[in-house]
Structure formats: structure tokens, C-alpha cells
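The structure appears right after this line, and notes come after that.
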Amino acid sequence: MTTSIRFDLKHGFLVVALALYTAFAAGPFLWVASMSLRTTTEISAEPYALPDTLHFSKFAIAWTDGNYGTYFGNSVIVVLSAVAVLTVIGAMAAHCFARYRFPFRRFLYFLVFSTIIFPPQITIIALFQILVEYGLFNTRTGLVLAYVAFQLPITVYILESFFARIPSDLYDAARMDGYSEWEIFWRISLPVAMPALSTTVILNTILLWNEFLYAVVLITDDDKRTLPLGIQKYMGDQLIDIGMLATGLMIAIVPVVIVYVFFSEKLIQGMTAGAIK
Amino acid sequence: MGNVKLDRLTKRYGDADAAAVDDVSLDIERGEFMVLLGPSGCGKSTTLRMIAGLEPITGGTLSIDGEVMNRVPARDRDIAMVFQSYALYPHMTVFDNLAFGLKRRGFAREEIDRRVTDAAGILGLAPYLARKPHALSGGQRQRVALGRAIVRDPKVFLFDEPLSNLDAALRVSMRNELVKLHQRLGTTMIYVTHDQVEAMSMGSRICIMQDGRVAQVGRPLDVYRHPANTFVASFLGSPQINLVESGVTPGEDGRSTLVVGGARIHAHCPPGHSRVIVGIRPEDFYLPGEAPDDAVGASLAARVLAVEALGAETVLLLDVEGVEKDVTARVGRSAHTAAGDLVELTVDTRAMRLFDAASGVALDPGSTTG
């Protein structure tokens, strides 16, 4: 009896704590979602009210008049390209660090990984200069390269720890089966590391989709902008169109939420995956 | 089938003083089942990996069918290997695991199908071809690992402790199956284990390794009965051989007198040895009335310290006066003795082995080394 009451209390406390945290985390999102369907006039009158009329037409207006269609396309191109390059290069580098012994291996690994401690602001001016120098400033290619460089250390880190846990017998078996090191990478390492690869793909997609700082510095043309820069569209010097801003934000956020909802389990699996038996 | 010849094979890691494998010479004949046996770290797996081509050779020569293989990559040696962890590709079905090596070697689809089906038939894997390794039991995974080697039809099979991850019952049945497989295929097999029972029951010959070197090579019973030194004598046999140090008093007609406990034993001992180690296997002790008629015996009085009745036999732990270490005897299952009893044991002195007290090397002529 006592145990049951104690369990109920503990359970109740947990539910309340989780509910509070959920409200704290999801509250702003729901507020923006509600504002995205209201006009700026409605919002100014009553900021926290629920929508009277659902103005879905605002999404069409943002998509066409607000140029969000172009931003969306740019985001898809830049993020998919960066994630593809990151995954291939990151996996190759991680495979080498994890499976081969070569001079300066630890030093090189440390060098790659040490860049993770620097905040992006430190490198942004140098990066700007380099891209201008190579004619890559204000190009999507330049942004893709910057993203690859920025996310490579964490990608290598996640994949290296996974590759290192793959039993070496598996590689030896493939060697005995007649496969070269290059073939072993493509036919054994990559498929076996699929949980970790999914993790890095999802993680990089979400982070780069939301990335603002590099995009705002390295892209100036409106038709090359990515979604996070779209909010500038509705921010004038004197006036902020808060209603359209919320609509634009929802267009930017929804794909990330969808990716997370569908792939969160895979993300956690990849993060916590153990050795292959 | 391949003849594998190791000529002074050596493996040294980095700047390490001691070689992991030191000057190992071994001639493995076509169709032979050679077992490399030894404790952990004795260099047996490293030797196997050098034969496989997975470990670079530091010194010496490895040849298969007369062709030097030192610099030939693993994939071109026509060798298949079964690993302790099975090393099945987790993302492939059983069929693809079996076919993976054949695909790389450019076999036609029909030939791959035929070989995989044949191997699956031999190993009882036919119902599981569409499954992935995680959906198989330990024994089934082991069979897939074997099958992957069989389909290749290689010159030489290598096994690196393939049964050590299986439970005891399955290990016994797989052991028998491997022996049958060897008889059926007739391929040269080199098998690494630290389990003396596997070595004794499977090998055509055993190569016992110690500290990177070959301690002794020979047929299982020869090695068991005529160990080359005290290491081999202790490593083979369970319970372990009893090793008792004894003084030697030279006698007439070439026979010397050894003193073990209270017993005086007459034995042939090469001249020049004042002290020897006497090796007596536990099964060479007999309780009164148990000794075979032809046993050449000496009598030994002992006090029973403990009795292990194992059903098929009884193991006695004995305190023999004048012998520092406890002595183990394996006697018949009908032995009626209890701890504290005084017993009079007969030792079959023909089965007794003598070793040099300083070096531990066998003194009897039956020993073979190298």
C-alpha cells in the first residue's frame, strides 16, 4: 500500500515536471504556429489569443511574394549538398582514423577535432576573405564548403567512435574474401555504420537547415539566400511584420520538425549504438 | 589441398625486445589437421595470422605448395579463415555472407548458387539462407562462418579458436562435425586453440607453443605420453601431471634409484644428473587391486586430502610424505576412500617421465622436439 502511494507520488511528480518542461519547450513554438495563421493587426490587438480565422493564405503569400519558395529551394540545395559531402568525406576520414595506424594519426585527429572548440565568430572574417579571394563569396558553393568545414569535426568524431567499435575480424574476413581496402570501406564499413551515418545525416541536416551566421555573412543576393535569412524580408528599419515573420518561420521550421519526428528514434539509436556482435 | 611450410618464421612488433613469434619452423603436410596449441599470448594466433596474410612477416619464410607467400596479399593466398567471433557481415543475409567471397572472385551466378546450396546442405543451413546473422543462434552463426570458408574450396583452412564462444554441449558436437568435415573435404586445416581437449581430439598433429616458440610437435598421444619438457607435460592433461623433484643415486646395470616420497624407484636415467623432476600422470596411480597385471609398479603411501567423485572416475588429492606439493591421482569410479584415509598406491613406473631438474627438458628418449 505504502509502496503504491510512494510510486504514485513519484509518478505524479514526474508527470508534472515533464508537463512543465514540455510547456516551456513547446510553448514558443505553438505561439509562433498560432501567430503564423493570424494577421499582424490581429496579433497587435491580442498577442496571445488563438486565431479567430485561420489565414492559410499567408503561407502562399510568403512562398510567392516573400520569395520563400526560392529560399526554400536554396536551403534544400545547400543543405543536401553539404550533408552529402560531409557524410562521404567524414566517413572516409573517420574510417582511416579508426582502422589504420599511420604517422601523426593522433596529432591529426586532435587537430581536426580541436577546431570544435572555436566559436564560429572567430573564423568568420578569415573565411570571408578566403571566399572573396577564390571567387566563392556570395555563392551557394562557397556556403556549402563553409558548412562542410564547420561540421566536419563533429561528424568525424561521431563516426570514428562507431567505426572503432566494429570488430577488426570483420575487416580481416573481408580481406580474406578478396576485397581491397577501398571496397571494404564501401561494402562493409558504410553499411555496418548505417546507424551512426543516419545520426550524422539527421544532426547535420537540422543544424545546417537552421544555420544563420555563415549564411548572413557569406550570402548577399536575395535569390541565393537560405530560409533562416528569410526573416529579414519582414524586418524593416521601422516596422516588423510580425504576422508574416511568424509564417516565414513556420515554413523554415516545419521540415526540421518533420525530420525529427520521423527520425528521432534513429538519431538516438545511432548515438547510443553499441559494438556489432 | 596445400602443403604449408613455415621456415624460421618470426614476428616482432615495433621495438619490442621479445618476438611475438620466434623462429617457428613447421612443415604441415597436404590434408593434415594441424593444431597450434598453447596458453594466451604464446604466439599461436599471430602465427596463424601470418599464414593468412593478415600480419606482415618480420623474418623467415612462409611457403604454400612450394611458393613463397611472404609478400603475397591475403586475398591471393587461396586460404579461408574462420574467426573466433565468426565475423559475419551483419548487414547481409546468410546467402550473401556465403556468396560474398565468390562474388569478388568473379564466379558465375549459377556456380555461386550451386556452391552456396551445397555448403548450406552440408552444414544444415538451407532453411536460414534468407536470414541475417542477428536472427541466428550461436551454433548457426558458427556454421555460417564455416560455410563461408567451405564455399571457397581453398587450399588451406585456418581456424582461430572457432569454438570458444559456444556452450559446452555445442562445442562437443561442433568438434565432431569439424573432424567429419576434415575427413570429407581432405583439405589442409590449421587450427588454433588453447583447449587441450580440442587439440587432442581433433588434430592429426599438435604443435605446442610457448613464449612464441615451438615447444613440441607430434601426434596427440605421442606428445601426451612423451612430453618434451615440463611445460608441455603440465599443459596437456587434466588433472595436471604431478611433477616431483627427486635425487638420483646411480646404480648398477644402468638403472638409477630415484626417491619419490617414501618410495624408491628404479629407472633408466641418463648419466650426469644428480637431481631430476619425475613426472607421473594422475591416471598412472592405482589403488590396491586396480593395477593392470603387466604394470611395473612401485608402492607409495599417501594420506587422502580430498575426494572428487566425478561419476566415471574419482580424483584423489593426496599428501605424500617427503613431497612438498599435493599429488593428484585419478582412480576408478568404485574407489571407496574418504578424506583422512591412508592409502597405498601403486605407480606404473613405465609411464613415468623424467625431466632435467634445471632446464625442465625431458630425459627419456621418446621425446621429439621442433
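Just a few scattered comments:
Table: residues versus (1) in contact (Cβ under 8 Å) with a residue 12 or more places away in the chain; (2) of a type in the set (F, W, Y); (3) within 14 Å of chain B (Cβ to nearest Cβ); (4) not in a helix (DSSP H, G or I).
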| residue | (1), (2), (3), (4) |
| --- | --- |
| A:I154 | yes, no, no, no |
| A:Y157 | yes, yes, no, no |
| A:Y171 | yes, yes, yes, no |
| A:G178 | no, no, yes, yes |
| A:T199 | yes, no, no, no |
| A:I202 | yes, no, no, no |
| A:I206 | yes, no, no, no |
| A:E211 | yes, no, no, yes |
| A:V217 | yes, no, no, no |
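- Of residues in the range B:311-370 being at pLDDT 90 or above and among the basic types (K, R), the one nearest to B:H268 (Cα to Cα): B:R353
- Among the residues of this structure, A:I231 does not count as one that is of a type outside the set (S, T, Y) and touching a Phe, Trp or Tyr at 6+ places or on another chain (Cβ under 7 Å).
- Within the range B:275-296, the residues that satisfy the criterion of being more than 19 Å from B:A329 (Cβ to Cβ) and at pLDDT 85 or above are B:R275, B:V276.
- Extreme residue, farthest from B:L300 (Cα to Cα), among residues of the range B:338-354 that are acidic (D, E) and touching a residue at least 40 places away in the same chain (Cβ under 8 Å): B:D348
- Elements of type strands (runs of 3 or more DSSP E) in the range B:1-64, at least 3 residues being surrounded by fewer than 21 Cβ atoms within 10 Å (Cβ to Cβ) and more than 14 Å from chain A (Cβ to nearest Cβ): B:4-11, B:21-28, B:59-64
- Note on the range A:180-197: among residues that are over 20 Å from B:A145 (Cα atoms) and crowded, with 21+ Cβ neighbours inside 10 Å, the one that is nearest to the other protein chains (Cβ to nearest Cβ) is A:A193.
- Test: residue in the range A:81-101 that is farther than 23 Å from A:L145 by Cα and free of Cβ contacts under 8 Å to residues at least 12 places away in the same chain: yes
- Every test in (1) in a helix (DSSP H, G or I); (2) surrounded by fewer than 23 Cβ atoms within 10 Å (Cβ to Cβ) is passed by B:P154 save one, and that test is (1).
- Residues that are more than 20 Å from B:E283 (Cα to Cα) and not in a strand (DSSP E or B) within the range B:225-254 comprise B:G251, B:E252, B:D253, B:G254, listed in sequence order.
- Taking the criterion of being surrounded by 13 or more Cβ atoms within 10 Å (Cβ to Cβ), farther than 20 Å from B:F159 by Cα and within 14 Å of chain A (Cβ to nearest Cβ), the residues of the range B:117-148 that qualify are B:K132, B:L136.
- Any hit, the range B:73-80, residues being part of a loop (DSSP other than H, G, I, E, B), surrounded by fewer than 15 Cβ atoms within 10 Å (Cβ to Cβ) and at the interface with another protein chain (Cβ under 10 Å from one of its Cβ atoms): yes
- Residue in the range B:114-137 that is nearest to B:L98 (Cα to Cα), counting only those that are free of Cβ contacts under 8 Å to residues at least 40 places away in the same chain, aliphatic (A, V, I, L, M) and outside any helix (DSSP H, G or I): B:L129
- Across the range A:14-26, not a single residue is classified as over 28 Å from the mean Cα position of the chain (by Cα), modelled with pLDDT under 95 and closer than 23 Å to A:I253 by Cβ.
- Only listed residue being under 14 Å from the mean Cα position of the chain (by Cα) and more than 14 Å from every other protein chain (Cβ to nearest Cβ), chosen from A:I258, A:I240: A:I258
- For B:H268, the conditions (1) surrounded by fewer than 16 Cβ atoms within 10 Å (Cβ to Cβ); (2) under 22 Å from B:V232 (Cβ atoms); (3) at pLDDT 90 or above are fulfilled apart from (3).
- Taken over the range B:81-116, the criterion of being facing chain A (nearest Cβ under 7 Å), on the phi > 0 side of the Ramachandran plot and either touching a Ser or Thr at 6+ places or on another chain (Cβ under 6 Å) or aromatic (F, W, Y) (or both) is satisfied by no residue.
- Each residue in the range A:248-276 was checked for being modelled with pLDDT of 70 or more and either surrounded by fewer than 12 Cβ atoms within 10 Å (Cβ to Cβ) or of a type in the set (F, W, Y) (or both), and 7 of them qualify.
- Among residues of the range B:29-83, those that are β-branched (V, I, T) and farther than 19 Å from B:A199 by Cβ, counted: 7
- Entirely in the range B:285-370, the strands (runs of 3 or more DSSP E) that have 3 or more residues that are surrounded by fewer than 17 Cβ atoms within 10 Å (Cβ to Cβ): B:297-309
The values are calculated or read from the model by the stated rules, or taken from the named source; none is laboratory data. Treat the numbers as computed from the prediction; the structure is a model and nothing was measured. A quick note on method: Cβ atoms are made from the backbone with ideal geometry, for glycine too, and the neighbour counts reach across all protein chains shown.
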